[in-house]
Structures are given as structure tokens and as C-alpha cells.
Amino acid sequence: MSFELSREHEEFRRSVREFATAEIAPYAAQWDRDHFFPVDTVQAMGKLGLFGLTAPEEYGGADGDFTSLCVAIEEIGRVDQSMGITLEAAVGLGINPILTFGDDEQKQRWLPDLVSGNRLAAFGLTEPGSGSDAGATRTRADLRDGEWVVNGSKQFITNSGSDITSVCTVTARTGLTDDGKAEISTLIVPNGTPGFTVGPAYDKLGWHASDTHPLTLEDVRVPESYLLGRRGRGLAQFLATLDDGRVAIAALAVGCIQACLDQCLDYAGERTTFGVPIGRKQGVAFQISDLAVMAEAARMLVYKAAAVKDGGGGASEFKQAASIAKLYATESAVSATRIATQVFGGYGFMEEYPVARLYRDAKVLEIGEGTSEVQRLLIARGLGLPVE
Ligand SMILES: Cc1cc2nc3c(=O)[nH]c(=O)nc-3n(C[C@H](O)[C@H](O)[C@H](O)COP(=O)(O)OP(=O)(O)OC[C@H]3O[C@@H](n4cnc5c(N)ncnc54)[C@H](O)[C@@H]3O)c2cc1C
């Protein structure tokens with residue numbers, strides 16, 4: 001199997017890089033300082049076609065491959081991790097569940113606006129009491145007189161409260177299975193539905209320009225037809241969605257590592273100590289060599305996983321490749337930002353240099369869409385180990 005990027009992918013990379021350099025890079029630090037979610041720029045990414053890369057043409061998409069989406073996330077993430085996660089979540093968590101599990105009516109209603117980037121959708125799995133243990137969801141939905149009545153809360157939900165968010169898919173208990181376990185289903189809840197409250201944006205360590213909110217659902221009523229996919233398959237659907245999301249997050253991590261490498265290469269040539277550029281010192285140069293190794297290795301794992309998906313590899317092969325890419329790329333990104341900050345010395349601790357922002361942004365990569373511990377668990381299970 002080959003996972004070399006094609007000439008078309010590389011041309012596409014160049015066009016996304018041009019956009020990111022012109023339209024995002026000059027403003028990223030200010031958005032970060034102001035905790036500002038730049039709707040116009042998000043919609044400009046939409047006009048470039050980034051939200052519709054993998055969606056079918058009938059909904060306005062390009063019917064392209066998953067590899068292209070990873071390239072786009074990597075390139076946007078290279079200049080701004082906040083905009084990278086906005087794109088990643090919008091496609092991987094917003095569009096994907098509706099595209100994969102929605103019926104024709106649901107797709108026709110929601111997808112065109114999401115695919116064009118005019119609107120955003122969110123994915124509400126995590127709750128105050130259930131994150132890694134997603135099956136412990138407490139949110140309930142009861143079917144009464146042809147409507148689902150939803151009660152509960154969700155937390156840390158990306159793209160859920162922006163001015164252009166139209167809808168959130170949420171998991172909820174809808175009863176008990178035959179063996180007495182919680183039956184979990186997915187419901188589509190339009191923003192603005194009475195009883196559906198978007199809480200104030202979180203004050204986060206990083207990803208300041210990304211939109212993240214807690215959600216409360218109090219007697220929220222949606223029609224019975226707003227069930228997404230099959231009743232009782234909610235958790236399985238969300239977990240399948242997360243396999244794609246993990247590769248996409250790993251692509252975001254590659255962008256972060258590459259940014260560290262680029263910044264350090266420039267700085268090591270400019271900054272002098274003891275009369276020579278710091279790049280002359282092995283102690284610095286060797287650390288930058290390590291960044292190059294991390295960037296290349298993480299990129300290979302991401303595009304290998306993407307190639308498994310694009311090539312129609314088996315579900316278990318893809319699951320394993322996704323977890324391996326996510327684990328390695330995100331942990332490397334955290335290491336890379338630590339190294340980059342060190343290479344910049346005291347300036348690396350100052351917000352006027354992008355490495356400081358990267359340092360804050362990287363940590364969450366090891367947490368969102370399955371923590372590093374969860375990835376190790378999944379990889380161990382994939383190896384056949386009887387791990388708990
Ligand atoms: C900025 C941000 C954006 C997010 N966006 C979304 C979103 O859009 N939608 C959404 O649904 N969620 C979202 N999340 C939630 C995210 O997916 C969860 O935070 C993550 O899955 C971890 O869950 P938790 O926070 O409840 O931690 P916990 O599950 O409570 O974990 C706490 C610690 O215990 C460890 N742990 C837990 N179980 C095990 C185990 N079995 N073995 C070993 N270690 C274990 C974890 O690895 C972690 O270190 C977001 C989170 C953040 C921070």
C-alpha cells in the first residue's frame with residue numbers, strides 16, 4: 001500500500017497554505033488574545049471548499065478523499081491551532097455524523113449549509129460525569145406523543161455556541177436494552193430550540209479562538225424524526241465518528257509540530273549567543289533535528305491512516321491506525337512545543353512569539369477525541385491483549 005501524497009494533494013496543500021498565510025496567520029495572535037471567534041474567516045474557509053472536501057456533490061461538497069481533509073487541517077493548524085480545530089470539529093464531528101447516519105430528509109435539511117461553511121454543527125457526547133466513559137451518559141430522551149423530550153447536560157462542546165451554529169447532535173439514554181443496559185441513541189437538536197441553553201464560553205488554557213461551551217437541555221422537545229441513525233446505536237455511531245476524528249486531530253498535531261520546526265529553524269539562524277547563531281550549538285541543533293523526526297514520523301502515521309480509510313481498509317485496521325496516529329502525533333506535538341519554547345529561551349515564554357501560543361494550544365491534543373490513555377487502551381485491545 002502506498003501513502004505517498006499525490007501531485008494533486010501537494011497542489012491542494014499549496015493553495016490551503018497560501019490561504020492560511022494570507023487570511024489567518026496575520027490575525028491569529030490577536031484572535032487568541034481577544035478570545036475571538038472569527039466568523040468571517042470561518043466562512044472564508046467555507047468558500048474555499050474546506051468544509052465540503054469529503055461531502056458528496058449533491059450537498060455541495062467536492063466528493064474528495066479523507067487525505068485532502070487531513071492536508072487542509074494540517075496546513076490551517078500550522079498557522080493557527082484554533083482555526084484548525086474549528087475546521088476539524090466542523091467536518092469530523094459536525095458534518096460526519098449527519099452525513100453517515102442521517103436519512104435523506106435530515107441530510108437535505110442540514111448538510112448544504114454545513115458543507116458550504118455558512119453554518120456549523122456540534123457533537124455533544126461529553127457530559128460533566130462522562131468523558132472517556134462515554135457510555136455513562138446521564139442525558140435522557142423520552143418519547144412522548146411523537147416527540148423526544150430531552151433532559152441533561154453536555155460539556156466542552158466545540159463549535160456549539162457560535163453565531164453561526166445551527167445544530168448539535170447529542171447522545172441520550174432512550175431506554176434499556178434487553179440485557180438491562182442503557183440504550184443510547186443520538187438526537188438532532190437545533191440551536192434555539194426552547195429549553196436548549198448554550199452556556200458561556202469556557203476560559204481555556206489554549207484554543208482561545210475556538211468556540212467551546214457547556215450545554216443544558218431542559219424539557220427540550222424535538223420531533224420523533226430527529227432521531228439520528230438507529231435507536232440504540234447512538235454510542236456505536238459516535239465511537240465510529242471518533243475514529244475519523246482521531247486521524248484529523250493527529251493531522252492538527254502535525255501542523256503544530258511543523259510550526260515548531262519552522263519557527264525554530266528561523267530563530268536558530270537569527271539568534272546569536274557567544275558570538276555565533278545558536279544553531280551552531282549542538283545542544284540547540286540536535287533538538288531541532290528531533291523536531292524534524294517527529295514531524296516526519298507523525299505525518300507518515302497520519303497519511304498512512306488516511307490511506308487506509310481512502311483505500312477502503314477494514315474497520316479494525318483503520319481503528320488501530322487512527323489510534324496509533326493520534327497517540328504518537330499528539331504526544332509529539334506536546335514535546336515539540338516544549339522543545340520550541342526552550343529553543344526560544346525567555347522569548348519563548350512571551351506571547352509575542354507564536355511558540356508560546358503553540359505551547360498552550362498543544363496540551364489539549366492529548367485529551368480531546370480520546371485521551372492518550374484511551375488510545376493506549378484501544379491499541380492494546382487491537383493487539384489482542386485482555387486489557388480492562
Ligand atoms: C477544548 C475541548 C474541546 C472538546 N470538544 C468536545 C466536543 O466537541 N464534543 C464532545 O463530546 N467532547 C468534547 N471534548 C471532551 C473530550 O473529548 C473529553 O474531555 C475527553 O474525552 C476526556 O474526558 P474527560 O474530560 O471526562 O476526562 P475523564 O474521562 O474523566 O479522564 C480523566 C483522566 O482519567 C484517564 N482515564 C479515564 N479512563 C481511563 C481508563 N479506562 N484507563 C486509563 N486512564 C483512564 C483519562 O485518560 C484522563 O487522564 C472537548 C474537550 C476539550 C478540553
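Please note which helices (runs of 4 or more DSSP H) are completely contained in region 307-388 and include at least 3 residues that are within 20 Å of Gly131 (Cβ to Cβ).
The helices (runs of 4 or more DSSP H) meeting that bar are 315-343, 372-382.
Restricting attention to region 127-149, and to residues there that are surrounded by 19 or more Cβ atoms within 10 Å (Cβ to Cβ) and outside any loop (DSSP other than H, G, I, E, B), which single residue is farthest from the ligand (Cβ to nearest atom)?
Trp148
Tell me whether region 363-379 contains one or more residues that are within 16 Å of the ligand (Cβ to nearest atom), buried (at least 16 other Cβ atoms within 10 Å of the Cβ), without any contact (Cβ under 8 Å) to a residue 24 or more places away in the chain and more than 27 Å from Tyr202 (Cα to Cα).
Yes, region 363-379 has at least one match.
Among the β-branched types (Val, Ile, Thr), under 29 Å from Leu5 (Cβ atoms) and away from the ligand (no atom under 16 Å from the Cβ): does that describe Val343?
yes
Please find, within region 237-266, the residue that is farthest from the ligand (Cβ to nearest atom) out of those that are touching a helix residue (DSSP H, G or I) at 6+ places or on another chain (Cβ under 7 Å) and of a type in the set (Gly, Ala, Ser).
Ala259
Can you tell me which residue is nearest to Ile98 (Cα to Cα) among those in region 109-126 that are more than 8 Å from the ligand (Cβ to nearest atom) and outside any helix (DSSP H, G or I)? Break it down stepwise before answering.
If we filter region 109-126 for residues that are more than 8 Å from the ligand (Cβ to nearest atom), which is where we start, we get 109-121.
Of the ones still in play, those that are also outside any helix (DSSP H, G or I) are 116-121.
On the way: Ser116: 15, Gly117: 15, Asn118: 16, Arg119: 14, Leu120: 12, Ala121: 9 Å.
Ranking the candidates gives Ala121 first.
Residues are listed down the side, and each one gets a yes or a no for (1) charged (D, E, K, R); (2) under 19 Å from Val254 (Cα atoms); (3) in contact (Cβ under 8 Å) with a residue 60 or more places away in the chain:
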site	(1), (2), (3)
Asp65	yes, yes, yes
Val71	no, yes, yes
Arg78	yes, yes, yes
Gln81	no, yes, yes
Gly84	no, yes, yes
Gly92	no, yes, yes
Asn96	no, no, yes
Leu99	no, no, no
Glu105	yes, no, yes
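Tell me, yes or no, whether region 163-177 has at least one residue that is touching a strand residue (DSSP E or B) at 6+ places or on another chain (Cβ under 9 Å), closer than 27 Å to Leu365 by Cα and surrounded by fewer than 21 Cβ atoms within 10 Å (Cβ to Cβ).
Yes, because at least one residue in region 163-177 is touching a strand residue (DSSP E or B) at 6+ places or on another chain (Cβ under 9 Å), closer than 27 Å to Leu365 by Cα and surrounded by fewer than 21 Cβ atoms within 10 Å (Cβ to Cβ).
Hand me the list of strands (runs of 3 or more DSSP E) wholly inside region 150-236 holding 2 or more residues that are more than 16 Å from the ligand (Cβ to nearest atom) and of a type in the set (Val, Ile, Thr).
Those strands (runs of 3 or more DSSP E) span 212-223.
Can Gly269 be described as touching a strand residue (DSSP E or B) at 6+ places or on another chain (Cβ under 6 Å) and assigned to a helix (DSSP H, G or I)?
yes
Just to be sure before I move on: is Lys281 surrounded by fewer than 16 Cβ atoms within 10 Å (Cβ to Cβ) and basic (Lys, Arg) in the structure I sent?
When the stated conditions are applied, Lys281 passes them.
Evaluate the following for Gln258: is it crowded, with 21+ Cβ neighbours inside 10 Å and of a type in the set (S, T, N, Q)? Give the steps one after another, and end with the answer.
Values: crowded, with 21+ Cβ neighbours inside 10 Å: yes; of a type in the set (S, T, N, Q): yes.
In short, yes.
Can you name the residue in region 335-358 that is crowded, with 16+ Cβ neighbours inside 10 Å and farther than 13 Å from Leu261 by Cα and, of all such residues, is nearest to the chain's Cα centre (by Cα)?
Arg357
A short reminder: the numbers here are calculations on the coordinates, not readings from a lab. Because the structure is a prediction, the values reported are computed rather than measured. Cβ: placed from backbone, ideal geometry, glycine included. Neighbour counts: every protein chain shown.
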